[in-house]
1. Could you identify the single residue in Leu104, Leu148, Leu158 that is touching a helix residue (DSSP H, G or I) at 6+ places or on another chain (Cβ under 8 Å) and over 26 Å from Lys48 (Cα atoms)?
2. Would you confirm, using the coordinates I've provided, whether Phe91 is among the aromatic types (Phe, Trp, Tyr), open to solvent by 20 Å² or more (accessible area, probe 1.4 Å), under 22 Å from Asp106 (Cα atoms) and outside any loop (DSSP other than H, G, I, E, B)?
3. As an exercise: evaluate Gln77 against (1) at pLDDT 90 or above; (2) of a type in the set (S, T, N, Q); (3) more than 21 Å from Leu188 (Cα to Cα) and give the number of the one condition it does not meet.
4. Please find, among Lys41, Lys84, Lys22, the residue that is at pLDDT 85 or above, open to solvent by 60 Å² or more (accessible area, probe 1.4 Å) and outside any helix (DSSP H, G or I).
Amino acid sequence: MNLEKEEQWLSDLAQQGIRLEKKTWLGYKFRRDLPEAATIKMDYRTFKQASDFEDYRALFEDSGWEHISGTKNSGFQYFRKADKEGSKEIFSDVDSKAIRYKRLSDLWALLACVYAIVMFSLIRSESIDPGAILNPKLLYFTPGLWELEGEAFWRSFLFETPFAVFRGLMWLFLPVVVIAALYCAFKLKNQYNRMKEDDLRI
């Protein structure tokens, strides 16, 4: 996840007359408009109070930045340079810019912990059997299936296989999510550390 690349991509689209209207968990919503030399910047921040969120928006708008998309709970906030006299950079220092990655890293690490707790709880309650990864036969619940022969075996096997496959995918979902979340947290934390190190060298 590279916020700078996303910012540049959205700015390039604005110069082509494709203007960002809103960002949701489903994706982006654009509208056709006149091409403009707009600068799009992003932040990642959540707020407990609506008043804090309004103060946050007002702070940037006073500096010439129009808030395009984002709510107090959405995390991602999108801004457009609305005032030509305003600063071209939304952050006053590198630390403020880098901290976005730390917040995102903490979020992914928290998600990994939550899903890991859920996964181990399901394993402990025997709702998930980790042994099925090495022994797929455990995904089949038909009593005596593997002792059947001939047509009786194939009829029962083919009938339950779609359910066994679905069961296996569901069991794999949690560990895959945990690993993916940990990977994102690690990558984002590295990005944060690199930006801090680059700032110290300057």
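1. Criteria check complete, one pass: Leu148.
2. no
3. Only one criterion is unmet by Gln77, namely (3).
4. Selected residue: Lys22, the only one of Lys41, Lys84, Lys22 that is at pLDDT 85 or above, open to solvent by 60 Å² or more (accessible area, probe 1.4 Å) and outside any helix (DSSP H, G or I).
Okay, residues lined up against (1) hydroxyl-bearing (Ser, Thr, Tyr); (2) over 30 Å from the mean Cα position of the chain (by Cα); (3) exposed (fewer than 14 other Cβ atoms within 10 Å of the Cβ):
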site	(1), (2), (3)
Asp129	no, no, no
Asn135	no, yes, yes
Arg155	no, yes, yes
Glu160	no, yes, no
Phe173	no, no, yes
Lys189	no, no, no
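The values are calculated or read from the model by the stated rules, or taken from the named source; none is laboratory data. From a predicted model like this one, the values you see are computed outputs, not experimental measurements. Note that we place each Cβ from the backbone using ideal geometry, even for glycine, and neighbour counts take in every protein chain shown. What goes into the accessible areas is simple: the full protein's heavy atoms, side chains included, and nothing from ligands, DNA or RNA. Shrake-Rupley method; radii C 1.70, N 1.55, O 1.52, S 1.80 Å.
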